[in-house]
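Visitor: Before I ask anything, let me first share the structure, which is written out below as structure tokens.
The values are calculated or read from the model by the stated rules, or taken from the named source; none is laboratory data. A quick note: this is a predicted structure, and the numbers were derived from the prediction, not measured. Glycine gets a Cβ as well: all are built from the backbone with ideal geometry, and neighbour counts include every protein chain shown. Surface accessibility is based on the protein's heavy atoms, side chains included, excluding ligands, DNA and RNA. Shrake-Rupley method; radii C 1.70, N 1.55, O 1.52, S 1.80 Å.
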Amino acid sequence: MVCLKLRLFIMLIVLISLLPIGIIHREDSPTMEYEVSSITTAGYENYTSYKALFLSSNFSSPNMRLSNSKPAQPIIFLHDVTPRYFMELRKVVKIIDRHNYSSRTVLFVIPRFDPPHYGDKWDLRRNPHFVSYLHELQAKGYRIELHGYEHTFHEFNCSYAKAGEKLENATFLMESVGFGNFSLFLPPAWALNNESIDAIEEYNLTTIMPDYFILPNGSIKRVWNHEYTWYIERNETDIRVSMALRDYNRTSRAGIPFYLSLHPQTIIYGGGLKFLDEFLNAMLQINP
């Protein structure tokens, strides 16, 4: 009996320890794969000095900088834009608007979210208030692009024919609610294969991946596309901002474009929204 209680106690401790790092799913929706890159905090312990060093840099040292062009401001990629996360999206947009960053923000929209679990509940055609909100954001400078069709498990790890069918359905549905002329495609869970890539290229779309883009002609463009706000705790905010600023500094010196990926349902947890506010504040200081 004592042994059983001890085992249960150990299991409870393990479960509690997994919560802060996001291994246990925190939201009440069915478990699904997301596009999150692994991030390590090793080497970023001294946040204050890194931030001060970054903000004081003018990127002018020929010994440090590999690119001669002015560093571009990061572009925000907001994944999982769906009526399912309407409230969460509003909270993120409030911060982006506060920093006048709409013209450098891309909203990757899921036309018909997870029907195996929800049916047509989150189909854009059944959510006119959300669609109207997206049109308002578009008018303010936000860019509307495609994030799959239904965001089901490994949705675009499929045949050429199936990928083409899904893209046709996605573009048709989006056009039916007033959106078109897409140029970017973010595959759910980064799941692709050679056949689905061929289908995406036929739609003249650039495919977004964590560290590179696949252009419509099949060539590869090197980028930095990472997420720093995957269920972070409040006490992690400073170190995550430090990490993002240091990565932006390094990639800018190397002439590599920097993209900041966010999920509305995870950034609202803990210190995520504070991270976004502080990061955009820092961007305004170096790119007034």
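Visitor: Per residue, how large is the accessible surface of segment 209-288? Use a 1.4 angstrom probe and give square angstrom. Display every interim value, and only then the final one.
Guide: Details: 2870 Å² over 80 residues.
The answer is 36 Å² per residue.
Visitor: Could you rank the peptides 273-279, 146-152, 71-77, 169-175 by their average count of other C-beta atoms within 10 Å per residue, with the highest value first? List each step's numbers first, then the result.
Guide: Working: 273-279: 21.1, 146-152: 23.3, 71-77: 19.1, 169-175: 16.7.
Highest mean packing first, the order is 146-152, 273-279, 71-77, 169-175.
Visitor: Further question: How much of the calculated P(r) for segment 159-226 lies past 13 Å, in percent of all Cα pairs?
Guide: 64 percent
Visitor: Ranked highest first by the average count of other Cβ atoms within 10 Å around their residues, in what order do 245-252, 178-185 fall?
Guide: Details: 245-252: 19.9, 178-185: 15.6.
Most protected by this proxy first, the peptides run 245-252, 178-185.
Visitor: Cα atoms only: what Rg and Dmax, in Å, come out for segment 87-164?
Guide: According to the Cα coordinates of segment 87-164, Rg and Dmax are 14.4, 43 Å.
Visitor: Dividing the convex hull volume of the alpha carbon atoms of segment 156-280 by its residue count, what do you get in Å³ per residue? Mind showing how you got there, number by number?
Guide: On the way: hull volume 15.3 nm³, N = 125.
Output value, Cα hull per residue: 122 Å³.
Visitor: Subtract the Cα-Cα distance of ASN181 and ARG98 from 0.36 nm times their separation in residues, and report this length gain in nm to one decimal.
Guide: 27.1 nm
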